[in-house]
Amino acid sequence: MELEEYARIAAAEDEHWWYRSTRALMAQLLAPWLEARSPATTRILDAGCGPGGNGAWLATRGTVVGVDLAMEALEFVRARRPTTAPVRGGLTALPLADASFDMAVAITVLYSVPDDDGAVRELARVVRPGGAVLAVEPAFEALRRAHDRTVHGLRRYRRTGLTQLFEGAGLRVQRATYAYAFLAPPAAVLGLLERRHEPAAANARSDLERRPLDRLFRPLASRERQWLAKHDLPVGLSVAVLATRT
Ligand SMILES: C[S@@+](CC[C@H](N)C(=O)[O-])C[C@H]1O[C@@H](n2cnc3c(N)ncnc32)[C@H](O)[C@@H]1O
């Protein structure tokens, strides 16, 4: 990821509608695990934690370990997120014991890991039997934009591909759905405009610099979560897979 993006995420992650909505989606999908036991005995892994905003939120529900490869990310966690334990490590060789977590989340992380297969196997290894693994990742190659270059995104997933990755790691998939369907049309148009008007290697840009439609997107995300409480979505800018270790 471009180094400036860590600071952009750190500045945005508490208030930006996407982060708040994604935490609400996590709360919805992980409710059976988050509500099953006391925070005092719940252990949560925030894999590829970045500057730690999601981890700080998860820390209200349990003891959180945030793992990231980038020192820049962990420095933000150390400076600003006292309730998260930062650990330097790669997702494909987690420096963590087998079956030591009740939940593991990877939010927009697997798409930038070359061996995403190995990363999901590691997430499965560190979660206890009956525990949950949740990933929310960018979806559809056709929705690739300059932002993908900024975050060094190697791929965007289809629901079937991400599901297969989880099943290949021995996990039992409970939910596999797209999310942020209302963002797919604007993302497609933006990607098209960027490809037309910028040369292939033009300066990368970050979605976090685009804020004018926040007020519109926040309520749309809330309505979409109501739908997701009962149904899957057939398309979206993101894809979420929730699985359990057997
Ligand atoms: C787009 S950021 C997302 C951060 C955070 N999960 C969030 O939702 O704000 C991706 C993060 O994954 C980390 N990352 C990428 N590849 C990794 C790997 N192989 N092992 C550990 N962390 C990795 C990056 O350093 C970065 O902090």
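The values are calculated or read from the model by the stated rules, or taken from the named source; none is laboratory data. Values in this document were obtained by computation on a predicted structure and should not be read as measured data. Here the Cβ positions follow ideal geometry from the backbone for every residue, glycine too, while neighbour counts run over all protein chains shown.
Please specify each residue of the stretch 137-150 satisfying the condition of being within 16 Å of the ligand (Cβ to nearest atom), of a type in the set (Asp, Glu) and not in a strand (DSSP E or B). Once the filter is applied, which keeps residues that are within 16 Å of the ligand (Cβ to nearest atom), of a type in the set (Asp, Glu) and not in a strand (DSSP E or B), the stretch 137-150 yields only 148.
The residues listed here are 95, 82; of these, the one that is within 19 Å of residue 11 (Cα to Cα) and free of Cβ contacts under 8 Å to residues at least 60 places away in the same chain is 82.
Scan the stretch 7-27 and give yes if some residue there is touching a residue at least 40 places away in the same chain (Cβ under 8 Å), within 17 Å of residue 127 (Cα to Cα) and not in a helix (DSSP H, G or I), otherwise no. Among the residues of the stretch 7-27, not one is touching a residue at least 40 places away in the same chain (Cβ under 8 Å), within 17 Å of residue 127 (Cα to Cα) and not in a helix (DSSP H, G or I), which makes the answer no.
Name the one entry in 153, 191 that is in a loop (DSSP other than H, G, I, E, B), modelled with pLDDT under 90 and of a type outside the set (Ser, Thr, Tyr).
Working: 191 fails: in a loop (DSSP other than H, G, I, E, B).
Step by step, each of 153, 191 is checked, and only 153 is in a loop (DSSP other than H, G, I, E, B), modelled with pLDDT under 90 and of a type outside the set (Ser, Thr, Tyr).
Quick one: which residue in 99, 124, 79, 93 is crowded, with 16+ Cβ neighbours inside 10 Å and of a type in the set (Gly, Ala, Ser)? Among 99, 124, 79, 93, only 124 is crowded, with 16+ Cβ neighbours inside 10 Å and of a type in the set (Gly, Ala, Ser). If the condition is being part of a loop (DSSP other than H, G, I, E, B) and more than 8 Å from the ligand (Cβ to nearest atom), then the stretch 72-113 contributes 81, 82, 83, 94, 95, 96, 97, 98, 99, 100.
Here the condition is being among the acidic types (Asp, Glu), without any contact (Cβ under 8 Å) to a residue 40 or more places away in the chain and within 22 Å of residue 171 (Cα to Cα); of 115, 68, it holds for 115 alone. Please determine whether any residue of the stretch 163-172 is over 19 Å from residue 104 (Cβ atoms), out of contact with any His (no Cβ under 7 Å at 6 or more places or on another chain) and not in a strand (DSSP E or B). No - not one qualifying residue is present in the stretch 163-172. Of the listed requirements (1) at pLDDT 95 or above; (2) surrounded by fewer than 21 Cβ atoms within 10 Å (Cβ to Cβ); (3) more than 24 Å from residue 51 (Cβ to Cβ), residue 166 misses just one: (2).
Return the residues of the stretch 50-71 that are part of a loop (DSSP other than H, G, I, E, B) and not hydroxyl-bearing (Ser, Thr, Tyr); say none if nothing qualifies. Don't jump to the end; show me each part of the working.
Our first condition is that a residue be part of a loop (DSSP other than H, G, I, E, B); within the stretch 50-71, this holds for 50-52, 59-62, 69-70.
Of everything in the stretch 50-71, those that are part of a loop (DSSP other than H, G, I, E, B) and not hydroxyl-bearing (Ser, Thr, Tyr) turn out to be 50, 51, 52, 59, 61, 62, 69, 70.
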